[in-house]
Each structure stands twice: as structure tokens, then as C-alpha cells.
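Working notes, beginning with the structure itself.
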Amino acid sequence: MPVTGRSQFNLFDTADDLALGKETYVGVLKESEGQLVRTGPEVELVRKVVDRIAAVSDDPGFEWEANVIRDPEMVNAWCMPGGKIAVYTGILPICQGETGLAVVLGHEIAHAIARHGTSRMSQAVATQIGLEVAAASDKRLAQYQAELAAAVELLVLMPFGRDDELEADHIGLIYMARAGYDPREAVAFWRRMAAASGGGGPPEFLSTHPSNENRIAAIEALLPQALAEYEAATRAGTRK
């Protein structure tokens, strides 16, 4: 794993990420065709930030593409395996400019570079095989296969999801700093996100996302490392 050095289980290779992301992305764009923002400052800003961060990332050869979807109520952005990105306009006011957007896109690009999507798919495949083997070997387990699957989702897969989110924060923070964006903006951005949600959302234990408090604390602990990258980018002339 780039930046963090963590090892992970993945049954797929990067060619699979590219194919999976491309196929799914075409379908999403087709469904959102009437909402796609084709030109204008929002599109230019998103693509500028993607280009800058992708250029300093540990890119394994992904095909980066970014589109903006007009939906003021959708506070979201995502990056599919292989580098296919969508940014919904509802998140832009919370970004409050280019550096805030770099927080979001650094995080989403990090998910793709870390191959979290196909890693989660691999976990699901392995879990399903394990449950089927267990059910075949014990009739009592077969009766409760749905309950066992739910328990595995709660106790195994969801904690992996929270780890993935925090890891994407870590990698994304380093990438935005390498691209010349001040990583201290990440703390301000997530505080704005917390305020926008009104403190709502499910408890952290039942969510694949860390709580706002834990996320901000983790980012603050990483700031010395990120600021060193930012200063190096400044000296190298990457900074705006």
C-alpha cells in the first residue's frame, strides 16, 4: 500500500480495476446524463484538482476521468476503481474553494490508488465462500446462514470499511500536500462537513465511516507528516 505500507487481501489486479470502473462509470453517466455539467468553472476546477493530485499520486496506470453532476442536494463525490471520478455540486459549497476540493479529491483518489473497492469485493467473495463451506459441513449453520452473514458484515467487513476511510484520509492528505495544497485545510473541511450533517448519521460502530471526531483527530495527528510534504512541494515549486 502506498504511503501507509499496509498489506491487504485482493483477488483482482489493476487491469480488473480499470475494466470494472470503466464499465460501471458508463452506466452512471448515462443515468445522470441530464444532470451532467459539460463546461464551465465547476468542471474546470474539478479537473484541474484531479490532474494535480493524480500527477503526484502512486498511479499504477489508471485512466483518470472526472465529471461534475448537477445535484445541489447531494453532498458527495466518489472515485471508482481505475480512476473514474464524479463530483456532485452539492459538495462544492462545503469545499469553499480549490483547497477544500483537494481534500475531497485527494481522499477519493486515495481510495482508487489503494484499491479499496476491489479489496472489499475480495473480502466479500472470500466471506461468501467460507459461509457456504461452513453451511455444507454443519446443518445447524445452514439454518442460520443469513444471520451468520449479517454478523460477519457487522464484525468483519464494516471495521475494514472504517479502516479504509481513515487510510484514504491519510493517503489523500499526503497527496494533496504533494500537489501543493495546504493539508491543514482538511481539518477545517471535515469540521464544515460535521456542521452540515448536524452531527447526524449512524453511530460509528454501525457505519463504514469513522465518526467526525475520530476522523479529525486522526488527521490532526498526521499533519506534521503532511506539512513536511507540503513544505517540500513549496521548495520544489509545486505550490500555487
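A few points about this structure:
- Residues within region 186-202 that are within 20 Å of residue 52 (Cα to Cα) and either at pLDDT below 95 or not in a helix (DSSP H, G or I) (or both), tallied: 0
- Filtered residue count, region 91-113, keeping only those that are modelled with pLDDT under 95 and of a type in the set (Gly, Ala, Ser): 1
- Filter pass, residue 67 being without any contact (Cβ under 8 Å) to a residue 60 or more places away in the chain, touching a Ser or Thr at 6+ places or on another chain (Cβ under 9 Å) and under 26 Å from residue 174 (Cα atoms): yes
- For residue 6, the conditions (1) basic (Lys, Arg); (2) under 20 Å from residue 165 (Cα atoms); (3) in a helix (DSSP H, G or I) are fulfilled apart from (3).
- Residue 175 vs. criteria among the aromatic types (Phe, Trp, Tyr), surrounded by 15 or more Cβ atoms within 10 Å (Cβ to Cβ), in a helix (DSSP H, G or I) and modelled with pLDDT of 95 or more: yes
- Count of region 15-59 residues which are of a type in the set (Lys, Arg) and either within 15 Å of residue 82 (Cα to Cα) or more than 19 Å from the chain's Cα centre (by Cα) (or both): 3
- Tally of residues being within 23 Å of residue 119 (Cβ to Cβ), among the charged types (D, E, K, R), in a helix (DSSP H, G or I) and out of contact with any Lys or Arg (no Cβ under 9 Å at 6 or more places or on another chain) across region 10-42: 2
- Subset of region 203-239 [at pLDDT 80 or above, exposed (fewer than 15 other Cβ atoms within 10 Å of the Cβ) and among the small types (Gly, Ala, Ser)]: 217, 221, 228, 232, 236, 237
- Taking residues in region 24-49 that are in contact (Cβ under 8 Å) with a residue 40 or more places away in the chain, and partners anywhere that are among the charged types (D, E, K, R) and not in a helix (DSSP H, G or I), the pairs with Cβ atoms closer than 6 Å and at least 6 places apart or on different chains are 25/84; 37/70.
- Tabulated pairs, region 107-120, first touching a residue at least 40 places away in the same chain (Cβ under 8 Å) and closer than 19 Å to residue 181 by Cβ, second among the charged types (D, E, K, R) and part of a loop (DSSP other than H, G, I, E, B), C-beta under 6 angstrom, 6+ apart or interchain: 113/58
- Pair list, Cβ under 6 Å, 6 or more apart: region 1-15 residue modelled with pLDDT under 95, other residue in a loop (DSSP other than H, G, I, E, B) and of a type in the set (A, V, I, L, M): 1/114
- Output for region 68-94, where each listed residue is within 16 Å of the chain's Cα centre (by Cα) and of a type outside the set (A, V, I, L, M): 76, 78, 79, 81, 82, 83, 84, 88
- Residues of region 43-74 that are buried (at least 17 other Cβ atoms within 10 Å of the Cβ), of a type in the set (A, V, I, L, M, F, W, C) and either modelled with pLDDT under 95 or not in a helix (DSSP H, G or I) (or both): 62, 64, 66, 68, 69.
- Number of positions in region 11-42 that are surrounded by 13 or more Cβ atoms within 10 Å (Cβ to Cβ) and within 28 Å of residue 97 (Cα to Cα): 9
The values are calculated or read from the model by the stated rules, or taken from the named source; none is laboratory data. Everything numeric in this text was worked out from a predicted model, so none of it was measured. We place every Cβ from the backbone using ideal geometry, glycine too, and count neighbours over all the protein chains shown.
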